[in-house]
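Take a look at the structure below.
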Amino acid sequence: MAVRELRYLGDPVLTTPADPVTHFDRKLQALVDDLMDTVLQPGRAGLAAPQIGVGLRVFSYNVGGLHGYVVNPQIVELSEEMQEGPEGCLSVPELWFPTRRAAQATVKGVDAKNKPISVTGTKELARCLQHETDHLDGMLYLDRLEPDVRKEAMRKARESQWFWRGDNGK
């Protein structure tokens with residue numbers, strides 16, 4: 001178990017759809033443990049495996065005292081009611097932009113032993129479930145922004161110290 005280093009915008013792993021988990025073994029349990037250790041750091045709400053460089057469909061969450069993980073998650077229900085509010089991302093640090101999401105979401109998947117689990121959330125947890133599932137589909141919240149806001153976000157990201165450029169070790 002370890003707190004893993006994060007990957008940042010520009011790293012191709014973040015825009016590549018993650019592969020489904022097919023082996024439920026010690027390696028998967030170690031990944032889940034690392035995701036949980038990493039998301040339980042202060043100020044973190046969710047973390048998808050690609051954000052630590054692993055291209056598998058697994059994410060962890062830590063919202064409002066609820067924490068856990070889902071393997072092979074699929075969004076199975078979104079409310080018609082919407083919410084709009086500031087959204088950020090560990091892979092796009094320090095940048096928050098208004099993002100529209102369903103007010104309630106349900107994700108179904110399995111645990112590390114391949115037993116079915118379901119997580120339903122409203123407000124911040126609903127936002128987190130949608131955000132992390134997007135990561136597994138190779139999508140960042142920036143992709144959901146209005147075009148003019150996305151342009152501003154990308155400019156700010158490229159100007160940042162953390163932006164992954166491929167040739168500078170980030």
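The values are calculated or read from the model by the stated rules, or taken from the named source; none is laboratory data. Since this is a predicted model, take the numbers as computed values, not measurements. We place every Cβ from the backbone using ideal geometry, glycine too, and count neighbours over all the protein chains shown. What goes into the accessible areas is simple: the full protein's heavy atoms, side chains included, and nothing from ligands, DNA or RNA. Shrake-Rupley method; radii C 1.70, N 1.55, O 1.52, S 1.80 Å.
The HN-Hα couplings worked out from phi for the range 137-152 by the Karplus form 6.51 cos²θ - 1.76 cosθ + 1.60 (θ = phi - 60°) are 8, x, 10, 9, 4, 4, 5, 9, 6, 4, x, 5, 6, 4, 4, 5 Hz, whole numbers, x standing for Gly and Pro. With K and R counted +1 and D and E -1, the other residues having a Cβ less than 9 Å from that of residue 18 yield a net charge of -1.
Within a straight-line Cα-Cα reach of under 12 Å, residue 113 can be paired with the following aspartates and glutamates, leaving aside sequence neighbours fewer than 8 residues apart in one chain: 25. Extent along the principal axes, Cα only, for the chain: 43, 41, 27 Å, with the longest axis given first. Across the accessible surface of the range 45-108, with the other protein chains kept in place and a 1.4 Å probe, carbon and sulfur atoms take up 51 percent.
Take the range 12-159 with all the other protein chains still there, run a 1.4 Å probe, and you get 50 Å² of accessible area per residue. Gap in Å between the Cα centre of the range 39-61 and the Cα centre of the range 62-101? The two parts, judged by their Cα centres, are 12 Å apart.
Calculate the dipole size of the chain relative to its Cα centre from +1 charges on Lys and Arg beta carbons and -1 charges on Asp and Glu beta carbons; express the result in debye to the nearest 20.
Details: 21 positive and 24 negative charges, 48 e Å.
The calculated dipole for the chain is roughly 240 debye.
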